[in-house]
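The values are calculated or read from the model by the stated rules, or taken from the named source; none is laboratory data. None of the values given here were measured: they were computed from a predicted structure. In this analysis, Cβ positions are derived from the backbone assuming ideal geometry, glycine residues included, and neighbour counts consider all displayed protein chains.
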Amino acid sequence: MAFCCTESELALRKRFEGVYERTQAPIMQTIERRVCGCDFGGNSWTSKDQADALIRLLRLGPDSDLIDLGAGTGWPGIYIAKTCSCSVTLVDLPKIGLQIALKRAEEEGLADRVSSRIADAADLPFSEGSFDAISHSDLLCCLIRKRAVLQQSRRIIRNDGIMAFTVISVAPDLSKIPYDRALVNAPEFIESEENYRVLLDETGWAVTEWQDLTGEYRDSCDRQVSADIESREELAELLGTVESNVRLAKWRSKLQAIKDGLFVRELFVCQPM
């Protein structure tokens, strides 16, 4: 399959490949356990408590087929499969992330329940009505073609299926200076042509539940700053002093932006209209 990513999306994908490899370092897993309660090398802000909530919101059980878009190294998809015995298909573009995920699934005894597919979430290679449930964690703010992802998700979900996802957005009604500051501290493609309620409605989704997770996002980022400070020496050894200092400065800047109300992190639960 040919992936029609833009140059900026390809550059982001390349950066993620290096990030995924480094997430498997012991110090990175220690930090992740402190921040999110997991050690998969996750690339979102989804905590263990939020992953547990997804199982309930998606009504998952042993007979469910879940697809996790932008799955990275397998968080929270593998954890969900292990917790409720559902089957999960992990989808992402960087091959290294999915390789790490499948190795972890095998170690967890889930090789028969976890599969992967290298694919663009905006151009999914699955037939109509293939899945009972769809999840994605902070994915849309890292992609340009948000509408296409929601359209593709609508196509592959069964008529009685459920989609649940988290997404980070710039807070509404900001003036230019705080808006520009938000963009500096945001995921690369956070800007959206429409707000997500409008996009969901226009792509055939009805919102059945919504939660504001901004406070939990702030608390997780706070723990991230503290963990990086406490692990400064180990991070410097892994990343180099300059890069580890830049990393910490970025976390601090992001945390302050969240505290100043420049972002919202939301959970949407949706069903096909």
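Residues in the stretch 45-64 that are small (Gly, Ala, Ser) and not in a loop (DSSP other than H, G, I, E, B): Ala51, Ala53.
Checking the conditions here, which among Leu267, Leu255 is part of a helix (DSSP H, G or I) and either more than 21 Å from the chain's Cα centre (by Cα) or buried (at least 16 other Cβ atoms within 10 Å of the Cβ) (or both)? Exactly one of Leu267, Leu255 is part of a helix (DSSP H, G or I) and either more than 21 Å from the chain's Cα centre (by Cα) or buried (at least 16 other Cβ atoms within 10 Å of the Cβ) (or both), namely Leu255.
Just name the residue that is farthest from Ala164 (Cα to Cα) out of those in the stretch 80-95 that are touching a Pro at 6+ places or on another chain (Cβ under 8 Å) and not in a helix (DSSP H, G or I). Only one residue tops the list, namely Ser85.
Give the residue that is modelled with the highest pLDDT, with candidates limited to residues of the stretch 7-56 that are over 16 Å from the mean Cα position of the chain (by Cα) and among the small types (Gly, Ala, Ser). The residue in question is Ala25. Examine the stretch 172-184 for a residue that is touching a Leu at 6+ places or on another chain (Cβ under 9 Å), surrounded by 19 or more Cβ atoms within 10 Å (Cβ to Cβ) and farther than 24 Å from Cys86 by Cα, and state whether such a residue exists. For the stretch 172-184, residues touching a Leu at 6+ places or on another chain (Cβ under 9 Å), surrounded by 19 or more Cβ atoms within 10 Å (Cβ to Cβ) and farther than 24 Å from Cys86 by Cα: present.
For (1) part of a strand (DSSP E or B); (2) at pLDDT below 95; (3) closer than 19 Å to Leu267 by Cβ, each residue gets a yes or a no:
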site: Gly97; (1), (2), (3): no, yes, no
site: Arg104; (1), (2), (3): no, no, no
site: Arg158; (1), (2), (3): yes, no, no
site: Ala164; (1), (2), (3): yes, no, yes
site: Ser169; (1), (2), (3): yes, no, yes
site: Ala182; (1), (2), (3): no, no, no
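Given the condition free of Cβ contacts under 8 Å to residues at least 40 places away in the same chain, hydroxyl-bearing (Ser, Thr, Tyr) and more than 30 Å from Pro172 (Cβ to Cβ), answer yes or no: does some residue in the stretch 240-247 qualify? Within the stretch 240-247 (the criterion being free of Cβ contacts under 8 Å to residues at least 40 places away in the same chain, hydroxyl-bearing (Ser, Thr, Tyr) and more than 30 Å from Pro172 (Cβ to Cβ)), the answer is yes, since at least one residue qualifies.
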